[in-house]
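**Student:** Got a structure for you, written out below as C-alpha cells; questions coming shortly.
Every number here is computed from the coordinates shown, using simple stated rules; none is lab data. Bear in mind the structure is a predicted one, so any value in this text is a computation, not a measurement. In this analysis, Cβ positions are derived from the backbone assuming ideal geometry, glycine residues included, and neighbour counts consider all displayed protein chains.
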Amino acid sequence: MVLFSDLRILAIVFGGCLLVLSFFRPWRGLLIFSAALFYEAAIDMKLFVIESSHLYRSWDALGSFKLFGMAIVIGWFLQALIKKRVKLPPPSRIWLLIGIFMIIVISGMFSIYKANTLVYIYSFLGVVGIYFMICDLCFEHKRIEQLLLVVAIAALINALIAIVQYIFKIDVPWDLGYKFGQYRVVGGMSDPNYFGYQILTVFPIIFFFFYRTRSKLKKIVLFAIEMIMVTSIVLTFSRAAFITLCVVLFFLMIIFIKHKKLSYVIVIILMTSLLGVVIFANPKYSERLSTLFGVAEIGQYGETSERTLKTREDIFFTGTKMFLDHFWLGVGPNNFPIYLESYAHRSLLISRGRGAHNSFLGVSAELGIFGLCLFLLWILFILKGLRFTRKRVPNDPSSALLSEVLQISIFANLFMLTTLGTSFNVKLLWIWFGLAEAMRQVSISGRT
C-alpha cells in the first residue's frame, strides 16, 4: 500500500493557498517561513511512503516539494517588491554575494560542461533567497527564537525517526544498514553523515533553550531532547559526527563555565561520559574510530572502514591536483565528479560520479582560488557579525549566549562540511547565516 499518493496535487494546492494568504495577512512572514521550512523538511527528511513492508522515499513527492519550495521563495520576492517593506542585509554583504555569483557564472562559461552551471546557479540562488528571507522576517529577537524553535522541532522529529529505525532495524533501501557490522541510522535522510550533520547543527540551540527557560518541567523535557539527539548521533556510527559532537560539547562547556553555570557543565560532563561508555562498551565502535589513526585491525569490518578512508584519501589528493591544474577559475560548477573520472582513471577505489567529500575542496576545485577566497570571506563576515553582536549585548545574558551558541553551530556545520561533498549550497547552513545576520541587525536596532 502506498501512502501520500496525491502529495503532488496537495503540495501545489497548499503552496498556492499559502502564497495567496501571504499577500493579505499581516502574519504573512511567518506563513512563508513555515512553508520554506516545510519544504526544507520535505527535501532533507525525504517524505517517506510505506510499500511492501519497507520504508521507501517518494521521489514524486520530492519533485513536487522542490517546485513548491521554489514557488515560496519567488512569492516572497514578489511580495517584497510589491509592498516595498523588505529589510536587506548591508551593502557589503550584498556586493559579496554578487561577487560569488559572478565567479560561478564566469567559471561556468569557461568550463567544458556548461550545462551543470545552471543547476549550481539554481541551487545557489535558492539558498541566497532563504538568507534574504530570514534577514527580512527576523526583525525581532523573539522571532529569531521562534524560528530556532521550529528548526529544533524538525531536528527532534528526525532524531526520533532515527531511534525508531534502530529499535525496529528498519530495512532502508540505500544499502547502509549493516555496512560496518553495526546498524547505521539515517533518520529521514539518505546518509548517516548528512543526518549527523543536521542534528549537530541544531544540537547547540537546545542548550540555549535549556538556559532560557525557568520551568523545571521544561528543563527536564529539553534535557530529554538533548539525550535523544546525542543518542541518534551515536547511532549513526559516523566518525566525523562523533568527533564533531565531542568538540561541540567541549566548547559548550567552556561557554557555560564562562557564564558561571556549573549545573549546565555537569550536564555536559554526563553526556561526555556517556560517549566514553559507548566507545569502550562497543568494540565495533572503538574499532571504527581507531581507523582514523591507522591502528585498526583488518577484519570483517575493519577492512571496509580502511577502504573507505583510502577512497577519501585518493579523492582528496586527486581533487587537490585538479585544483592546482585549474587554479584560477576551477573546472566549473558541479564538474568535480566528471573530471574526477579522468583524473583518477588508475584508481580502483574511486567510483564514477563521486563528489569531493570535502566542501572546501569541492569549491576550490570547481570555482578556483577566486571562488574559494570569496566563500571564505563570506564566512568570515558572518562570524565577525556574531562577535559584533556579542559585544553589543554585554548586559543581556540571553542574547549574548545565543550569539555564542550560533557561532558553535556554524563551526559544527563547517567542520562537518569538511567530510561532506555538498559544496556550500546547503539550505541549513544558509538558514544559520540568515539568523546570524538577523541577530546583528536586532542588536543594532535594539528590538526584543
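**Student:** Output ³J(HN,Hα) for the stretch 327-335: one whole-Hz value per residue in order, computed from phi by the Karplus curve 6.51 cos²θ - 1.76 cosθ + 1.60 with θ = phi - 60°, and x for Gly and Pro.
**Tutor:** Per residue, the Karplus-derived 3J(HN,Hα) values read 5, 7, 10, x, 8, x, x, 6, 9 Hz.
**Student:** Separate question: Amide H of Gly187 versus every other amide H placed in the peptide plane: which residues, excluding those fewer than 5 positions away on the same chain, fall under 5 Å?
**Tutor:** Ala162
**Student:** How far is it, in nm, from the label point at Ser92 to the one at Ile254 when both lie 7 Å from their Cα along the line to the Cβ?
**Tutor:** 2.5 nm
**Student:** Give me the percent of Cα-Cα pairs in the stretch 87-445 that sit more than 24 Å apart, rounded to a whole number.
**Tutor:** Of the Cα pairs, 60 percent sit more than 24 Å apart.
**Student:** Let me check against my output: what whole-number percent is the relative contact order of the stretch 87-445, with C-alpha pairs under 8 Å and at least 6 apart?
**Tutor:** The normalised contact order for the stretch 87-445 reaches 25 percent.
**Student:** If the limit is 22 Å between Cα atoms, which of Lys219/Lys427; Lys216/Lys260; Lys142/Lys218; Lys258/Lys427; Lys219/Lys260; Lys258/Lys384 go over it?
**Tutor:** Beyond 22 Å between Cα atoms: Lys219/Lys427; Lys258/Lys427.
**Student:** Calculate, for Val150 and Ser445, the FRET efficiency according to 1/(1 + (r/R0)^6) with r their C-beta to C-beta distance and R0 22 Å; round to the nearest 0.05.
**Tutor:** My answer for the efficiency is 0.45.
**Student:** Which whole-Hz couplings ³J(HN,Hα) result when phi for each residue of the stretch 143-150 is put into the Karplus expression 6.51 cos²θ - 1.76 cosθ + 1.60, θ = phi - 60°, listed in order with x for Gly and Pro?
**Tutor:** 5, 4, 5, 4, 5, 4, 5, 4
**Student:** In addition: Explain nothing, just the number: dipole magnitude of the stretch 87-445 about its Cα centre with +1 on each Lys and Arg Cβ and -1 on each Asp and Glu Cβ, in debye rounded to the nearest 20.
**Tutor:** 1060 debye
**Student:** Of the listed peptides 277-286, 93-102, what is their order by residue-averaged count of other C-beta atoms within 10 Å, with the highest listed first?
**Tutor:** By packing density, highest mean first, the sequence is 93-102, 277-286.
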